[in-house]
Amino acid sequence: MATLSAQDQSGSPTSTAHTLTTETRWDGRPVIAGARMESWSGGTHPKLSPVDGELVTPVGFCGVEEVALAVRSARGAFQAGTWSRSAPRHRVEVMSALSELMARHRDDLAILNTVESGKPIGDARAEVDRAVLTMAFFAESIDKVAAGEVAPVAGPSMGLVLREPVGVVAAITPWNYPLTMPTWKLAPALAAGNSVVLKPAEQAPLSALYLADLATQAGLPPGVLSVLPGAGEVAGAALGRHNDVDALTFTGSTEVGKAFLRYAGESTMKSVSLECGGKSPQVVFPDALDLAETARQIAAGAFSNAGQMCNAGSRLLVHRSIAPALTQLLIEEASSWRPADPHDSTTRMGAIIDERQLDSIARHVAVAQHQGATIAYGGCRAREDSGGTYFEPTIFANCDAEMGIVKEEVFGPVLAVQEFESEAQAMSMANNTDYGLAAAVWTADMARAHRAVRQLRAGNVYVNSFDRSAVTMPFGGHGQSGIGVDQSLHALDKYTVLKSVWIELAG
Ligand code: ADP
């Protein structure tokens, strides 16, 4: 079993691949109000590693009762003001301590991530580094971003616009970035002074639970943060409908994002911010700067994280004149993305999260073939003898707008290639989607690039690059890719409310 090969019951390491470096143990129990507890209403579920199919640890799922307890303690802490009204400098220090603890536990966080999500250890380390930076960025914002403004108003009066924490925030996150997604939600929500109840994905809850342990060590007061593993339809829905949650922040599928809008409507009209699916186009013009480098980055955009990214560049739109050359380069690139052992630091592509997701990818591939797309590379399950869940990087040629592979989010390492003849046609094909998360344009002509930037309907547009971002830049989607943004100071908007105060000064 992965757990036991990782660390036997006495805590002594037995395998280099899965060994945690410190006192850390695989622990699937929820963190409620700052302390580990046994869950009681959602049952215990085995967490299997996609790396090798072995048991990592049992995870204690939470149900409606644990959700009620966590929300009650979140509200209690918020009202007590131990965090929400504590000195800004105090909050800076606690959150900075948390980011330092995360950095100090980099190896453990990375191993947890690889074991629970199947991603390559190099990517997992990079994910920790990004999360540390995000936590530090929002920590630093606390005593620097103005908590309001003075509005210009008439007469002997003063208009104050106060920015206040919203209260109790429920965050619901997916499995593809088990540390980054919780951090993207927690860091700004806590920085703004809120209490947070986080429900990580059932497939990968361990990194978020460990993050909560570190938050307790850093000095976050009890009640301010709870992390509740549990089923989406149970714990996620209970948070969505809870009458004492003030704001919902979600990353996941568009379908479930819509469910959160319904939960809010059926309950208290709490605010909802969503980061949902995508089917992001990469548009390559004949004057693209360096075709080999372009192919390298397009492949990375489609195959990184085994394609399990909401902003994966899974649609390639290429000018007819360079389609054969670019497709050939991509086929050569794809071979360097063949799945390998996630614990090997040279591995570029690791595992798919679980058998269910693997089946879903295989189904998309079968339907695409049935609909007339041709496989230029890959198309099959890989590394079956590992016991884990792997899929080859896959490229489909001869795709058209009506195919499922062009319209639907696969959430796997599958790239669909379409050809175009004119700029106008390329833009219209790129925007022919319900989604609007990301898009890329590859060209040496800056005027054309700027025209494309303005025409592409997406929250993130990349020019001669893909999936580049910084903590200072907002990340969010247009259309059915979402509402609101993570990252950057704009993320604070989701976790704060404005209060207008009119003060009469007439004597
Ligand atoms: P993915 O497609 O990445 O698995 P989902 O949208 O299914 O994304 O899941 C993202 C998060 O939403 C997870 O934490 C999951 O448990 C939760 N979730 C799934 N279904 C529901 C639901 N019906 N109500 C509330 N939360 C849900």
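The values are calculated or read from the model by the stated rules, or taken from the named source; none is laboratory data. Since the structure is predicted, the reported quantities are computational estimates derived from the model, not experimental observations. In this analysis, Cβ positions are derived from the backbone assuming ideal geometry, glycine residues included, and neighbour counts consider all displayed protein chains. For the accessible areas, the whole protein counts, side chains as well, though only heavy atoms, and no ligand, DNA or RNA atoms are used. Shrake-Rupley method; radii C 1.70, N 1.55, O 1.52, S 1.80 Å.
Conditions (1) closer than 15 Å to L198 by Cβ; (2) touching a Leu at 6+ places or on another chain (Cβ under 6 Å); (3) among the β-branched types (V, I, T); (4) open to solvent by 10 Å² or more (accessible area, probe 1.4 Å), marked per residue:
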| site | (1), (2), (3), (4) |
| --- | --- |
| D27 | no, no, no, yes |
| A33 | yes, no, no, yes |
| S49 | no, no, no, no |
| C62 | yes, yes, no, no |
| Q79 | no, no, no, yes |
| A87 | no, no, no, yes |
| H90 | no, no, no, yes |
| E93 | no, no, no, yes |
Taking segment 413-433, which residues are in contact with a Lys or Arg (Cβ under 6 Å, 6 or more places away or on another chain) and either under 19 Å from A302 (Cα atoms) or surrounded by 24 or more Cβ atoms within 10 Å (Cβ to Cβ) (or both)? A416, E419, N431, T433
Flagged in segment 467-494 as under 14 Å from the mean Cα position of the chain (by Cα) and open to solvent by 70 Å² or more (accessible area, probe 1.4 Å), in numbering order, are S469
Close pairs (8 angstrom Cβ cut-off, 6 or more residues apart or separate chains): open to solvent by 30 Å² or more (accessible area, probe 1.4 Å) in segment 253-266, in a helix (DSSP H, G or I) and more than 7 Å from the ligand (Cβ to nearest atom) anywhere: Y263/R241; E266/R241
Only residues that are near the ligand (Cβ under 10 Å from one of its atoms) and farther than 25 Å from K47 by Cβ: list them for segment 221-247, please. R241
Can you go through P152, P188, P182 and tell me which one is within 26 Å of K494 (Cα to Cα), at pLDDT 95 or above and open to solvent by 10 Å² or more (accessible area, probe 1.4 Å)? P152
Every listed condition ((1) open to solvent by less than 30 Å² (accessible area, probe 1.4 Å); (2) away from the ligand (no atom under 15 Å from the Cβ)) holds for G277 save (2)
Select, from G477, G436, the only residue that is in contact with a strand residue (DSSP E or B) (Cβ under 9 Å, 6 or more places away or on another chain), within 30 Å of V272 (Cβ to Cβ), within 16 Å of the ligand (Cβ to nearest atom) and not aliphatic (A, V, I, L, M). G477
Count, please, the residues in segment 381-404 that happen to be under 15 Å from E355 (Cβ atoms) and not in a helix (DSSP H, G or I). 8
Determine whether segment 108-115 contains at least one residue that is in a helix (DSSP H, G or I), in contact with a Lys or Arg (Cβ under 6 Å, 6 or more places away or on another chain) and at pLDDT 95 or above. yes
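Can you tell me which residue in segment 207-220 is nearest to the ligand (Cβ to nearest atom), limited to those that are of a type outside the set (S, T, Y) and open to solvent by 10 Å² or more (accessible area, probe 1.4 Å)?
D213
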All but one of (1) more than 19 Å from F411 (Cα to Cα); (2) open to solvent by 30 Å² or more (accessible area, probe 1.4 Å) hold for E355; state the number of the condition that does not hold. (1)
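How about segment 310-342: which of its residues are part of a loop (DSSP other than H, G, I, E, B) and open to solvent by less than 40 Å² (accessible area, probe 1.4 Å)?
Passing the criteria: C310, N311, A312, G313, S314, P339, A340, P342.
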Return the residues of segment 232-250 that are in contact (Cβ under 8 Å) with a residue 24 or more places away in the chain and not aliphatic (A, V, I, L, M); say none if nothing qualifies. G232, G236, G240, R241, H242, N243, D244, D246, T249, F250
Could you tell me whether any residue of segment 434-442 is over 17 Å from the mean Cα position of the chain (by Cα) and surrounded by fewer than 20 Cβ atoms within 10 Å (Cβ to Cβ)? yes
Qualifying helices (runs of 4 or more DSSP H) (wholly inside segment 192-309; at least 2 residues being of a type outside the set (D, E) and under 21 Å from S73 (Cα atoms)): 206-218, 237-241
